[in-house]
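To start, the structure itself, in structure tokens.
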Amino acid sequence: MKTSFIELVKSRRSVRRFQEKPVERELLRQCIEAARFAPSASHVQPWRFLIVDDPDLKKVLTQKAFSGIFSATRWAAKAPILVVILAELDMITNRIGRQFTGLHYYLIDIGIAGEHFVLQARELGLGTCWIGWFSERGVRKALDIPRKYRPASMLAVGYPDVEHFSDKSRHPLEKICWFNKVR
């Protein structure tokens with residue numbers, strides 16, 4: 001029996017401990033395929049995914065990305081895969097939109113695409129964790145990223161070390177949802 005979408009969403013957790021087991025590239029391609037179908041502002045699709053699975057390159061990346069004030073994220077060095085989600089910045093639509101609304105639409109777009117990735121990963125038995133605490137400059141240097149791309153987020157990916165996670169409490173629906181008037 002196939003898992004329902006709400007069950008899939010409820011079962012997704014941030015995984016910070018992974019098995020020492022390589023992740024098949026075909027599974028990663030399926031995650032990228034799911035992300036590829038995410039909606040984006042004016043359909044500009046600003047996301048780019050740089051998958052780091054080479055152990056030597058991953059070591060350089062983690063040394064530069066998770067040092068100094070970013071050392072709290074050092075746990076990610078043990079993930080078999082690190083995915084750097086890049087934003088392509090030379091998109092006129094996003095720049096014009098930001099000038100009028102003050103919103104960085106590419107960040108919203110990348111969040112949606114990234115969540116498509118992590119939900120697909122969960123369905124495939126993989127664990128993920130969003131990483132926002134890293135040295136953008138360190139990532140850029142370690143991976144020689146051109147200026148037209150901005151490292152916006154990272155994902156740690158692998159097979160979870162444990163399958164049973166503690167349930168994290170969530171706000172009740174009444175606290176986060178209103179109809180017609182803010183309460």
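The values are calculated or read from the model by the stated rules, or taken from the named source; none is laboratory data. Note that the structure is predicted; figures quoted are calculated from it, not measured. In this analysis, Cβ positions are derived from the backbone assuming ideal geometry, glycine residues included, and neighbour counts consider all displayed protein chains.
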Requested in this report: Give me a count of the residues in segment 138-183 that are assigned to a helix (DSSP H, G or I) and touching a residue at least 40 places away in the same chain (Cβ under 8 Å).
Outcome: 5
Report task. Might you let me know whether segment 57-73 holds any residue that is under 19 Å from Leu126 (Cα atoms), loosely packed, with under 12 Cβ neighbours inside 10 Å and over 15 Å from the mean Cα position of the chain (by Cα)? Result -> no
Requested in this report: Please list, ordered by first then second residue, the pairs with beta carbon atoms under 7 Å, 6 or more apart or interchain, first in segment 49-71 and touching a residue at least 40 places away in the same chain (Cβ under 8 Å), second among the charged types (D, E, K, R).
Outcome: Val52/Lys58; Lys64/Lys141; Phe66/Arg74
Query raised in the report: How about segment 11-123: which helices (runs of 4 or more DSSP H) wholly inside it have at least 3 residues that are modelled with pLDDT under 95 and under 19 Å from Ser153 (Cβ atoms)?
Result: 105-123
Query - Inter-residue pairs, beta-carbon under 8 Å, first farther than 13 Å from Ser40 by Cα and in segment 90-104, second at pLDDT 75 or above, 6+ apart - result: Asp90/Lys148; Arg98/His104; Arg98/Tyr105
Requested in this report: State all residues of segment 1-23 that are of a type in the set (D, E, K, R), more than 17 Å from Glu115 (Cβ to Cβ) and surrounded by fewer than 12 Cβ atoms within 10 Å (Cβ to Cβ); if no residue qualifies, say none.
Outcome: Lys2, Glu20, Lys21
**Report entry** Flag if Ile69 is of a type in the set (Val, Ile, Thr) and more than 21 Å from Asp161 (Cα to Cα)
**Finding:** yes
